[in-house]
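Asker: I'd like to ask some things about the structure below.
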Amino acid sequence: MNRQELIEELSKIVGTEDVFSSRRDVLVYEYDSTPEAFEPEVVLFPANAAEASAVMKLAAREGRVVVPRGAGTNVSGGTLPVKGGIVLGCSRMTGPPRIDTANERAVVEPGIINLELQNTLAPLGYLYAPDPASQKVSTLGGNVGENSGGPHCLKYGVTTNHVYGLEVVLADGQVIHTGGKVEDNPGYDLTGLMVASEGTLGAVTSMTLRLMRSPESIKTMLAIFDTLEDSSNAVSDIIAEGIIPATLEIMDKTITWAVETSYHSGFPLDAEGILIIELDGLRDGQERQAEQIVEICRRNHVREVKVAQSDAERNNLWAGRRGAFGAVARVAPMYSVQDGAVPRTRLSETMVRVVQIADKWGVKVGTVAHAGDGNLHPLIMYNPKDREEVERVHKAGKEILKLCLEVGGTLTGEHGIGVEKQDSMALQFGPDELATFALVKKTFDPNGMLNPNKLLPNQQAAAGMGV
């Protein structure tokens, strides 16, 4: 089947208006939030699992690869169509969420934006805990694919802790249902396997999510430090005291400057490290916890602790934090972000060594982190037109990931592996583990048609496909 015949057949499945095939139309689906770009053969938008299944069956029959895609906000190259083929977008799968507050569950479709679900739940007194910084634009399907976290993952966990069931279209077009509304299900945990699989095992078409009651009270604090070490040491000391805030976010001086000049959130421009600390839950006892946190910060030489006095002040602080990635455009036109996670007790050491690595390679780095669970986001900022600088950025990034592993951490806390870190997987996993991963991939996708050349090192992925 040639390209035109393929387009005609796909149009019969999803409708002509939901098949994009011109060079102009597919241009915006060549890339995600990484610098690379690959042109897909065609982009289409099924409305439901039945249409997605028919597309998958056609693709399997014709030997076309399929790349499931949400909003393309991922920063690991996870939705790049590296082998062309069909991009299967989920933006039409946005049916009204089926909300069941009595059982604290919601059944949603993958094209719904994270923040849209939050806004739907808020008047009901409920929330969906995972809140990635991209929540204004990222889809729930993409969040599942990457196992997204967010500032509140310290207390409430990442996406996998809030997904109870999935509807998934497999590579052969078969539609399966994993998990459900109950707390536990017998058999293999296929739901857990699908979350964070980055579209390499199936295309998610529906999700059953866990809901939570909105907290009775929220207290948000800004702690200002004169050294980065003091701010990161305060994080470890707060947790060691048995206090688990809803959030513990850290930003260094470079990031703070970019954010403050962009959003005017009230961050000091001369502080080497700042913490955004948020407590939520019952009002009783919250003030005592806040006093404990302030005392811990004082022991770590805090310059000042400010408490947000209104929702407007709180929202202003969070606008700055959530806008950090975009704000670094004031420093350089492009950035490469690593998101290794390290033990909290090694956070201070790791952040200092990240600066040393940046100095070694002569690159500019700014760090923002979900510090409470040790999830670092060093942003290496650069000019993409300077090839020599780009090479130094890549070397610095790999050294930062090696550092995270060296101190007992992992390659990624929430951004996924994609193409950017797939060759680094061999640094964390041995040949037997990688062979097992490849076997799982081959079991679900024997012909390697679903989001190929992602997650696994290329050599291991090829071995798993028997080529």
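Asker: Would you say I277 is part of a strand (DSSP E or B) and of a type in the set (A, V, I, L, M, F, W, C)? First the steps, then the outcome.
Answerer: On the way: part of a strand (DSSP E or B): yes; of a type in the set (A, V, I, L, M, F, W, C): yes.
Yes; evaluated as a whole, the condition is true for this residue.
Asker: Could you please let me know if E241 is acidic (D, E) and in contact (Cβ under 8 Å) with a residue 60 or more places away in the chain?
Answerer: On the way: acidic (D, E): yes; in contact (Cβ under 8 Å) with a residue 60 or more places away in the chain: no.
Considered against the rule, which asks whether it is acidic (D, E) and in contact (Cβ under 8 Å) with a residue 60 or more places away in the chain, E241 comes out as no.
Asker: Same structure, new question: So the check is Cβ under 9 Å with 6+ separation or different chains; which pairs have a first residue in segment 156-185 that's in the same structural domain as R105 (by TED's automatic domain parsing) and in a loop (DSSP other than H, G, I, E, B) and a second one that's surrounded by fewer than 17 Cβ atoms within 10 Å (Cβ to Cβ) and among the hydrophobic types (A, V, I, L, M, F, W, C)?
Answerer: As it stands, the answer is L170/I176, since those pairs meet every condition given.
Asker: Same structure, new question: Would you be able to say whether some residue in segment 367-379 is in contact with a Phe, Trp or Tyr (Cβ under 6 Å, 6 or more places away or on another chain), closer than 28 Å to T200 by Cα and hydrophobic (A, V, I, L, M, F, W, C)?
Answerer: If we filter segment 367-379 for residues that are in contact with a Phe, Trp or Tyr (Cβ under 6 Å, 6 or more places away or on another chain), which is where we start, we get 379.
Next, only the ones that are closer than 28 Å to T200 by Cα stay: 379.
Subset that is hydrophobic (A, V, I, L, M, F, W, C): 379.
Taking every residue of segment 367-379 in turn, at least one turns out to be in contact with a Phe, Trp or Tyr (Cβ under 6 Å, 6 or more places away or on another chain), closer than 28 Å to T200 by Cα and hydrophobic (A, V, I, L, M, F, W, C).
Asker: Select from segment 222-248 the residues that are part of a strand (DSSP E or B) and within 25 Å of the chain's Cα centre (by Cα) and list them in ascending order.
Answerer: Just the residues of segment 222-248 that are part of a strand (DSSP E or B), to begin with: 222-225, 247-248.
Answer for segment 222-248, where residues must be part of a strand (DSSP E or B) and within 25 Å of the chain's Cα centre (by Cα): L222, T247, L248.
Asker: I'd like to know if segment 396-410 contains one or more residues that are farther than 30 Å from I243 by Cβ, without any contact (Cβ under 8 Å) to a residue 24 or more places away in the chain and either surrounded by fewer than 22 Cβ atoms within 10 Å (Cβ to Cβ) or out of contact with any Asp or Glu (no Cβ under 7 Å at 6 or more places or on another chain) (or both).
Answerer: Looking for residues that are farther than 30 Å from I243 by Cβ, without any contact (Cβ under 8 Å) to a residue 24 or more places away in the chain and either surrounded by fewer than 22 Cβ atoms within 10 Å (Cβ to Cβ) or out of contact with any Asp or Glu (no Cβ under 7 Å at 6 or more places or on another chain) (or both), one finds none in segment 396-410, hence no.
A quick yes/no check of all residues on (1) under 23 Å from the mean Cα position of the chain (by Cα); (2) surrounded by fewer than 18 Cβ atoms within 10 Å (Cβ to Cβ); (3) charged (D, E, K, R):
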{"position": "Q4", "(1), (2), (3)": "no, yes, no"}
{"position": "V19", "(1), (2), (3)": "no, no, no"}
{"position": "R24", "(1), (2), (3)": "no, yes, yes"}
{"position": "Y29", "(1), (2), (3)": "yes, no, no"}
{"position": "S33", "(1), (2), (3)": "yes, no, no"}
{"position": "S53", "(1), (2), (3)": "no, no, no"}
{"position": "R61", "(1), (2), (3)": "no, yes, yes"}
{"position": "V67", "(1), (2), (3)": "yes, no, no"}
{"position": "L88", "(1), (2), (3)": "yes, no, no"}
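Asker: Check segment 384-398 and report whether any residue there is within 22 Å of the chain's Cα centre (by Cα) and under 30 Å from E62 (Cβ atoms). Give the steps one after another, and end with the answer.
Answerer: As a first pass, look at segment 384-398 and keep what is within 22 Å of the chain's Cα centre (by Cα): 393-394, 396-398.
Those left that are additionally under 30 Å from E62 (Cβ atoms): none.
No, segment 384-398 contains no residue that is within 22 Å of the chain's Cα centre (by Cα) and under 30 Å from E62 (Cβ atoms).
Asker: Which number in (1) over 24 Å from V337 (Cβ atoms); (2) surrounded by fewer than 24 Cβ atoms within 10 Å (Cβ to Cβ); (3) assigned by TED's automatic domain parsing to the domain that holds N143 marks the one condition that I113 misses?
Answerer: (1)
Asker: Pull out all pairs, ordered by first then second residue, where Cβ-Cβ is under 9 Å, the residues are six or more apart or on different chains, the first lies in segment 133-151 and is under 11 Å from I112 (Cα atoms) and among the small types (G, A, S), and the second is assigned to a helix (DSSP H, G or I) and at pLDDT 95 or above.
Answerer: Partner pairs satisfying both residue conditions: S138/N114; S138/L115; S138/E146; G142/N114.
Asker: Further question: Scan segment 256-268 and tell me whether some residue there is touching a Phe, Trp or Tyr at 6+ places or on another chain (Cβ under 8 Å), in contact (Cβ under 8 Å) with a residue 40 or more places away in the chain and not in a helix (DSSP H, G or I). Don't jump to the end; show me each part of the working.
Answerer: Here is the first cut: in segment 256-268, the residues touching a Phe, Trp or Tyr at 6+ places or on another chain (Cβ under 8 Å) are 256, 259-260.
Right, trim to in contact (Cβ under 8 Å) with a residue 40 or more places away in the chain and you get 259-260.
Filter once more, so that each one left must be not in a helix (DSSP H, G or I): none.
Looking for residues that are touching a Phe, Trp or Tyr at 6+ places or on another chain (Cβ under 8 Å), in contact (Cβ under 8 Å) with a residue 40 or more places away in the chain and not in a helix (DSSP H, G or I), one finds none in segment 256-268, hence no.
Asker: Quick one: which residue in A223, A258, A290, A271 is within 23 Å of T367 (Cα to Cα), at pLDDT 95 or above and in contact with a Lys or Arg (Cβ under 6 Å, 6 or more places away or on another chain)?
Answerer: Working: A223 fails: in contact with a Lys or Arg (Cβ under 6 Å, 6 or more places away or on another chain); A290 fails: within 23 Å of T367 (Cα to Cα); A271 fails: in contact with a Lys or Arg (Cβ under 6 Å, 6 or more places away or on another chain).
The match here is A258.
Asker: Further question: Restricting attention to segment 321-346, report how many residues are of a type in the set (D, E, K, R), within 16 Å of M381 (Cβ to Cβ) and either surrounded by fewer than 20 Cβ atoms within 10 Å (Cβ to Cβ) or modelled with pLDDT of 95 or more (or both).
Answerer: Pass one, segment 321-346, residues of a type in the set (D, E, K, R): 321-322, 330, 339, 344, 346.
The next check asks that each one be within 16 Å of M381 (Cβ to Cβ); those that pass are 330, 339.
Restricting the remaining residues to those that are either surrounded by fewer than 20 Cβ atoms within 10 Å (Cβ to Cβ) or modelled with pLDDT of 95 or more (or both) gives 330.
Here the count works out to 1.
Asker: Let me ask something else about it. Given the conditions (1) in the same structural domain as G145 (by TED's automatic domain parsing); (2) touching a helix residue (DSSP H, G or I) at 6+ places or on another chain (Cβ under 6 Å), and given that V66 satisfies all but one, which numbered condition is not satisfied?
Answerer: V66 satisfies all of (1) in the same structural domain as G145 (by TED's automatic domain parsing); (2) touching a helix residue (DSSP H, G or I) at 6+ places or on another chain (Cβ under 6 Å) except (1).
Asker: In this structure, does G448 turn out to be surrounded by fewer than 22 Cβ atoms within 10 Å (Cβ to Cβ), in contact with a Pro (Cβ under 9 Å, 6 or more places away or on another chain) and on the phi > 0 side of the Ramachandran plot?
Answerer: Working: surrounded by fewer than 22 Cβ atoms within 10 Å (Cβ to Cβ): yes; in contact with a Pro (Cβ under 9 Å, 6 or more places away or on another chain): no; on the phi > 0 side of the Ramachandran plot: yes.
Answer is no for this residue.
The values are calculated or read from the model by the stated rules, or taken from the named source; none is laboratory data. Not measured: the values here are computed from a predicted model. Neighbour counts run over all protein chains shown; Cβ positions are idealised from the backbone, glycine included.
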